[in-house]
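To start, the structure itself, in structure tokens.
The values are calculated or read from the model by the stated rules, or taken from the named source; none is laboratory data. The structure presented is a predicted model; accordingly, all values stated were derived computationally and were not measured. Note: areas computed on protein heavy atoms with side chains; ligands, DNA, RNA excluded. Shrake-Rupley method; radii C 1.70, N 1.55, O 1.52, S 1.80 Å.
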Amino acid sequence: MAYTVLSDFKEIKERHPCFSKEAHHANSRIHLPVAPACNIQCNYCIRKFDCVNESRPGVTSNVISPDEALERLHMLAVREEALSVAAVAGPGDPLANSATFETLSRINDTLPDLLICVSTNGLMLPQYVDRLVDVGIKSLTVTINAVNIEVAAKIYLWINYNGRLIRGEEAIKTLLENQWLGAAMAVKAGICVKINTVFIPGVNDGAEVLDIAKRAELIGVHLMNIMPLIPQAGFKNVKAPSRKEIDAVRFECGYFIKQMTHCMQCRSDAFGNICEDKDVELEVLYSRLGVEYCENVF
Ligand code: CLF
Ligand code: SF4
């Protein structure tokens, strides 16, 4: 195998439930949904649902402010001893929302033992890598679904870049360039980088997904997470790939870059162990009531 394992990222290997399969049973993560705006339109996304980059379709319970996020986090960190990661993963794009930086920076100041994580579509990544390093980011996910413009043009409808709504080839080129450049810059900056790829049968299957894996390996990305399309919006008539298809494509891409195989396509307000998500609203309520668990709350 040509890829580098997480040997340089001891802490992440030991404590990050997404980046390390070994760590995923014993460690929990929390997503703080402070980022409602998005700066691109993916053809598989409906805005009122959670970000498909990092979640299953389901309306996020609510969008919260940095103050509310910090209050939620401090409350739940006491309840969840296994909590090791705090992240912003939507419901829009974290880097399109200034609340993301405020939230992460305040987590870094007040709960420095937590690993801080972000997932992004990558459009603004080159512009924000330094800022992410400043707020203490240790791990980062970029969703990249293509290397070729013709393929990407079937996946993305428009981008909103520095206040300009752009469609067509210019939009696709800008997005792809920024995604790949941003991922490479993040690797260079010492961040542990994962690429998420939404596998869309008939669109980015075959050579395209292999090209993503090869290019990711080339720039030093640490992990690839190939996720099955959840058919909706512009891709509602595309059949979701089977487990067998996903296993096969992971196997092929695994020749070039280490594959994640335990992703649960989390909500943007997910909390707990990734295999047994907790209801964050209930957990906050229990915490306010000062109880472990209450059968008669309702
Ligand atoms: Fe969240 Fe994503 Fe960080 Fe994990 S989720 S921002 S890397 S802390 Fe994990 Fe959930 Fe899969 Fe994402 S299981 S959807 S890979
Ligand atoms: Fe939807 Fe996420 Fe794509 Fe934005 S980046 S359009 S929120 S899937």
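Please build a GNM for the chain, connecting alpha carbons under 10 Å apart, and tell me which residue among A87, A186, A26 fluctuates the most.
Looking only at A87, A186, A26, the biggest GNM fluctuation is shown by A26.
Pull out a ≥ b ≥ c, the square roots of the eigenvalues of the alpha-carbon gyration tensor of region 193-298, then state rounded if a/c is under 1.5, prolate if not and a/b is larger than b/c, and oblate in the remaining case.
Prolate shape, in that a/c is at least 1.5 and a/b is the bigger ratio.
Can you sort T174, T197, T261 by 1.4 Å-probe accessible area, starting with the largest?
Sorted by accessible area, descending: T261, T174, T197.
Using only protein heavy atoms and a 1.4 Å probe, report how much of I219 is accessible, in Å² to the nearest 10.
In the full protein context, I219 sits at about 50 Å².
When 1/r is averaged over all different Cα pairs and the result inverted, which Kirkwood radius in Å belongs to region 183-222?
One decimal place: 10.9 Å for the Kirkwood radius.
Using only alpha carbon positions, build the gyration tensor of region 54-211, then give the equivalent ellipsoid semi-axes as the square roots of 5 times its eigenvalues, largest first, whole angstrom.
One finds semi-axes of 29, 16, 16 Å for region 54-211.
Kyte-Doolittle mean at least -0.5 and Cα extent at least 24 Å along the axis: which DSSP H helices of the chain qualify?
168-188
Taking every DSSP beta bridge with both residues inside the chain, roughly what % is antiparallel (nearest 5)?
That works out to approximately 25 percent antiparallel.
Rg(Cα) of region 153-252 divided by 2.2 N^0.38 Å?
1.16
Could you check how many percent of all C-alpha pairs in the chain are farther apart than 24 Å?
It works out to 48 percent of all Cα pairs.
How big is region 154-213 by Rg and Dmax over its Cα atoms, in Å?
13.4, 35
Write down the Å³ per residue value for the convex hull defined by the alpha carbon atoms of region 94-169.
Hull volume over Cα atoms, normalised by residue count, gives 92 Å³.
Which percent of the accessible heavy-atom area of region 73-155 goes to carbon and sulfur, probe 1.4 angstrom?
For region 73-155, the apolar C and S fraction of the accessible surface comes to 47 percent.
How much of the DSSP bridge set in region 139-264 is antiparallel, in percent, rounded to the nearest 5?
25
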